[in-house]
Amino acid sequence: MLKRPPLSLYIHIPWCVRKCPYCDFNSHAQKDGLPEQAYTEALLADLDNSLPKDENRPLESIFIGGGTPSLFSGNTFNHLLKGVQQRLQFAPDIEITMEANPGTVEHDRFAAYREAGINRLSIGVQSFNNDHLTKLGRIHGRDEACNAVALAREAGFNNINLDLMHGLPNQTIDGAMSDLLQAIDLSVEHISWYQLTLEPNTVFHARPPVLPEDETLWGIQEQGQALLASAGFEQYEISAYGRGRQSRHNRNYWQFGDYIGIGAGAHGKLTDIESGLIQRHWKTRQPEKYLARTDSFISGERTLANDELPLEFMMNALRLNQGVPTAYFTERTGIELTAIETELKEAVSRDLLDADYLNRLRPTAKGRLFLNDLLSLFV
Ligand SMILES: C[S@@+](CC[C@H](N)C(=O)[O-])C[C@H]1O[C@@H](n2cnc3c(N)ncnc32)[C@H](O)[C@@H]1O
Ligand code: SF4
């Protein structure tokens, strides 16, 4: 039977100092002055419009992403989070993450973020190699990245993630390992380690840099995973490694939980128990149009059809190394397990899915390696 899953909130801040050539996120180079106050008011109005009827679930997590949220002041987030709390109850152990760019941080700001209630920072380091950082168009160098972690600790953050990318133009296996070693040395709780991809509509896609050969990419992946494991980082998702901590917010996405998305271009997913429908929504993308509020902020919404739900669910759940309890499938899609039993058995027989599938839907090591093959069974 369909149940209401845990609820999270995603808040998008769509501005950056400048646009990185590899980035396809909804981020725009800031012109002079940011409309912090007007945008905050718009976010709260957007939240008012987005609240499900009779919402009484406590918020498990909030993720303030971008863009570069650290361009906004602590005061702004204080006001915003208070506004959110007037509309939604916070779980006692709520995780509130903010993305920070090492080129925009200073001590007083970090202290103010902590005071506003933000209790997890995700710092966009990408690499500790200054040559790579320049080619990636980053506004910071290695020293600013190390300094950002030190400042975050001083300000009282005890839950820090570093975003790193690998497979960078001309990167060697040793170069990628040296980035990881530096991150490990900083004793953070979490590392998100993404392989650089060339996304359509980016400068890198139009003028592709020379990326490492497949053999090097494979070596980076294998040696990097071993290095992170030896330093006590458990890989719990394709790109996520935690030492004693995981990202509760992302885990809720992967467990097919609910989330409201507010801000320019933000996406959300909500389950309506009464109608038995699961809906996705997305908001007006252009910051100027979003601010002008000519519509209800909603750019589109869509009800997920029953025949697409198994794939939607698996695309999330099977990213997790430990998968999810099997009961989540029916509770979070409303579909009986028997409807996909043939596909599950086929996945087990091909050694892509753990044989214990009646208890847990978990990819095998082979299933993780050939995730697309595993997912194609549910198309
Ligand atoms: C939404 S971005 C924003 C983070 C923050 N604005 C920053 O760049 O410091 C989140 C992360 O996605 C990763 N990312 C962005 N574009 C990518 C790409 N083309 N390939 C792989 N990872 C990418 C980067 O590690 C980045 O920190
Ligand atoms: S700072 Fe982050 S969000 Fe902004 S353009 Fe660069 S990668 Fe994208």
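Surface composition of the chain: carbon plus sulfur atoms contribute 48% of the solvent-accessible area (1.4 Å probe, protein chains only, all chains present). For the chain, the 222 nm mean residue ellipticity estimated from helices alone, with every DSSP H stretch of n ≥ 4 adding -39500 (n - 2.57) and the total spread over all residues, rounds to -10500 deg cm²/dmol. Straight-line cross-link partners of K366 among the lysines, defined as a Cα under 23 Å from its Cα and at least 8 positions apart when in the same chain: K345.
Highest mobility in the GNM of the chain, judged by mean-square fluctuation with C-alpha springs under 10 Å and restricted to V203, V17, V105, is found for V203. Which lysines, if any, have their Cα less than 17 Å from the Cα of K289, not counting same-chain residues under 8 positions apart? Leaving aside lysines fewer than 8 places away in the same chain, those within reach of K289 are K31. Here segment 310-368 and segment 63-137 have alpha carbon centers that stand 34 Å from each other.
For segment 313-323, 3J(HN,Hα) computed residue by residue from phi via the Karplus equation (6.51, -1.76, 1.60; θ = phi - 60°) reads 5, 5, 4, 8, 4, 7, 6, 7, 4, 8, x Hz, glycine and proline entered as x. The simple Förster model, with R0 at 41 Å and r as the Cβ-Cβ distance, assigns T342 and E199 a FRET efficiency of 0.70. Karplus-based coupling profile of segment 210-223, in residue order and whole Hz: 7, 9, x, 5, 3, 4, 5, 4, 5, x, 4, 4, 5, 5, with θ = phi - 60° in 6.51 cos²θ - 1.76 cosθ + 1.60 and x standing for Gly or Pro. With θ taken as phi - 60° and the Karplus curve 6.51 cos²θ - 1.76 cosθ + 1.60 applied, the whole-hertz 3J(HN,Hα) list for segment 171-184 is 6, 9, 4, 4, x, 5, 5, 5, 4, 5, 4, 5, 5, 5 Hz, x standing for glycine and proline.
For V125, the amide hydrogen comes within under 5 Å of the amide hydrogens of D163, counting only partners 5 or more places away or on other chains and with H modelled in the peptide plane. Fully extending the segment from A229 to N130, taken as 0.36 nm per residue of separation minus the present Cα-Cα distance, adds 33.0 nm. Computed with a 1.4 Å probe over protein heavy atoms only, the accessible surface of the chain comes to 45 Å² per residue. Do any of K19/K135; K135/K283; K3/K269; K53/K269; K3/K82 go past 23 Å between their Cα atoms, and which? Check vs 23 Å cut-off fails for K135/K283; K3/K82. The protection proxy used here, the mean number of other Cβ atoms lying within 10 Å of each residue, ranks peptides 208-218, 330-340, 93-103 as follows, highest first: 93-103, 330-340, 208-218.
The values are calculated or read from the model by the stated rules, or taken from the named source; none is laboratory data. The structure displayed is predicted, hence computed values, not measured ones. Heads up, the Cβs are rebuilt from the backbone with ideal geometry, glycines too, and the neighbour counts pull from every protein chain shown. These area figures cover heavy atoms from the full protein model, side chains too; ligands, DNA and RNA do not enter into them. Shrake-Rupley method; radii C 1.70, N 1.55, O 1.52, S 1.80 Å.
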